[in-house]
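Remarks on the structure that follows.
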Amino acid sequence: MTQAFVPGRRPARCVMVLGTSSGAGKSWLTTALCRWYSNQGLKVAPFKAQNMSNNARVVEGIDGEGEGAGAMSPWGEIGSAQYFQALAARAVPEVRMNPLLLKPEADTHSQVVLMGQVHSELTALPWRGRSERVWPQISAALDALRAENDVVVIEGAGSPAETNLHASDIVNMRVARHAGARCLLVTDIDRGGAFAHLYGTWALLPEDERALIHGFVLNKFRGDASLLAPAPQHLQERTGVPTVATIPMQWHHGLPEEDGIFDDRSTAAGAVHTTVAVVAYPRISNLDEFQPLKNVPGVRLRWVRSPAELAGADWVVLPGSKATAADLAWLRVQGLDRAIAAHAAEGRAVLGVCGGLQMLGEALIDPEGIDGNGPGLGLLPLVTVFEPAKTVQRTTARFAELTGAWARLSGVAVSGYEIHHGQTAQHPAMAAKGDVAREVLPAIAWQNPAGNVLGVYLHGLFEDPAALQALFGAQAPTLDAVFDGLARSVDACFDTDFLHGLLA
């Protein structure tokens, strides 16, 4: 057996997971390797130089790198994938693990979050002018993690072979070269063309970067693995790189999807007693927080984009949004505003989370041009004012007494996180007439008098075991159980001597 890496002798060895495309399985495999190497008794940290996602988590921050630089920032934002990878590695999630986060606000514009903090100047810069500005912070974050750990498992982004982006690359091969990483290249064989994708990606890389590719990985395979021959052998003859693992399709791995909407094939089995319809508007954010609902016995999670898809749901959930006013306008174009109003009028449950809470109110007011003005859905007598300052924090609070559909949450202490620009309060004119929403978590959650509509700023409600137990009398599998399952998949699909050898 190859001798395992001995901690403490040198900066951390780096194993990097690259992909032939987005959605190939980089995040999944990086998370699995974080737990597998941690199970070997090593101190492990994840790293992704740049992530583009509206799925973000609040983690420990460091000295501010954006507005307010120099002041200690107790909290910052990173991509959800790196948050879960840190937990898989048994590490405390923090901003160095994802130093640059791009949060799309429109098809051609993203908010830039550097070292956990929004950075308006970088947001305004074109990408090719931005990359050299941020590389010092990215490389410093990686170097610091290497100095403190035995292994750093690095995730790439998209494909490393996009030749139009190679000169300004700060997330794939530039990181691999800087860290001397041993790289795995993963492809989605379920899409077809996997061997062409692997060969083409390898062939487009410069020769010195090809040398960093130590293994090809076929992901999402369905069928008889013996039928793959002789393609892996032919590929190795042309590249010198072996195919080191074939990972079967896994519908029930339990890890939140980073970029896509879940499908019904991953819904928990058993008799369904509650159907939860989550409205999937174009700028949906933090969709990963609904993953536990897939795994609660008797709960069916449905993603909806039309009134017809909403029909028959027990609950309707308006999730977070990176562009609340625009997504609310989209919702009206689809006719979902009327469908949601009819659902609420029947006394059935409606939940708004963050941007969804803001939509449930009477109005969105945007004096600073942050998000946009507009009328709300009018299901809660609240008004939201958007402000330049962003609320980013972890939160623990206890629900006051609730009524109606949400009464089971009464007195339950819950933990989660807040990421929002707007501040929400009672609508003054409506409050003067006695139309007041019940504030059930101070400045965080409100309920309508009828008890069926609830709006919360707190993300992560369904990830809290106490909330799940109160609402459904059941639990989803713990994240530790999910991570251990991923590690078992690594054991089953890889020659573990090879994985130890990557650290030699």
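The values are calculated or read from the model by the stated rules, or taken from the named source; none is laboratory data. Just so we're clear, the structure is a prediction, and the values are computed from it rather than from any experiment. Here the Cβ is made from the backbone with ideal geometry for all residues, glycine too, and neighbour counts use every protein chain on show. Just so you know, the surface numbers come from the protein's heavy atoms only, side chains and all, with ligands and any DNA or RNA stripped out. Shrake-Rupley method; radii C 1.70, N 1.55, O 1.52, S 1.80 Å.
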Enter the mean projected area of the convex hull around the alpha-carbon atoms of the stretch 378-504, in nm², rounded to one decimal.
11.9
For the chain, what does the accessible surface come to per residue with a 1.4 Å probe? Please give it in Å².
38
Rounded to the nearest percent, how much of the accessible area of the chain (1.4 Å probe, protein heavy atoms only) is carbon and sulfur?
52
Please report the equivalent ellipsoid semi-axes of the stretch 164-239, computed as sqrt(5 x eigenvalue) of the Cα gyration tensor, largest first, in whole Å.
25, 13, 11
Take the alpha-carbon centre of the stretch 103-173, take the same for the stretch 430-504, and report the distance between them in whole Å.
28
Sorted from largest down, what three extents in whole angstroms do the Cα atoms of the stretch 330-396 have along their principal axes?
37, 31, 20
Once you charge only the Cβ atoms, +1 for Lys and Arg and -1 for Asp and Glu, what is the size of the charge dipole of the chain about its Cα centre, to the nearest 20 debye?
580
Computed over the chain: longest principal axis from alpha-carbon atoms vs helix 479-493 long axis, angle to nearest 10 degrees, is 30
Charged-residue dipole, Cβ positions (Lys, Arg, Asp, Glu), the stretch 82-207 about Cα centre, Debye nearest 20
160
Trypsin sites (Lys or Arg not before Pro) within the stretch 416-504: DSSP coil, no more than 16 neighbouring Cβ in 10 Å
Lys433
So what's the angle, to the nearest 10 degrees on a 0 to 90 scale, between helix 127-148 and the longest Cα principal axis of the chain?
70
Can you pick out the pairs among Lys43/Lys103; Lys26/Lys322; Lys43/Lys220 whose Cα atoms lie more than 27 Å from each other?
Lys43/Lys103; Lys43/Lys220
Cα gyration tensor of the stretch 54-207 diagonalised, 5x eigenvalues square-rooted, in angstrom largest first, produces semi-axes 27, 19, 15
Phi to ³J(HN,Hα) by Karplus 6.51 cos²θ - 1.76 cosθ + 1.60 over the stretch 408-415, Hz, x for Gly, Pro:
5, 7, 4, x, 7, 8, 10, 10
List the relative contact order of the chain as a percent without decimals, with contacts defined as Cα pairs under 8 Å and 6+ residues apart.
15
Of all GluC sites (Glu not before Pro) in the stretch 279-379, the ones in DSSP coil with at most 12 other Cβ atoms within 10 Å are Glu346, Glu368
Pairing the Cα long axis of helix 194-204 with the longest principal axis of the chain, what angle in degrees results, from 0 to 90 and rounded to the nearest 10?
70
With a cut-off of 8 Å between alpha carbons and a minimum separation of six or more residues, what is the relative contact order of the stretch 332-430 in percent?
24
Per DSSP helix of 4 or more residues, -39500 (n - 2.57); summed, then divided by the residues of the chain. What does that give at 222 nm, rounded to the nearest 500?
-8500 deg cm²/dmol
Using 10 Å bins from zero, what percent of all Cα-Cα pairs in the stretch 420-488 falls into each bin?
17, 34, 24, 16, 6, 2, 0
In terms of modelled amide H atoms, which long-range or inter-chain residues lie less than 5 Å from the amide H of Thr243?
Phe216
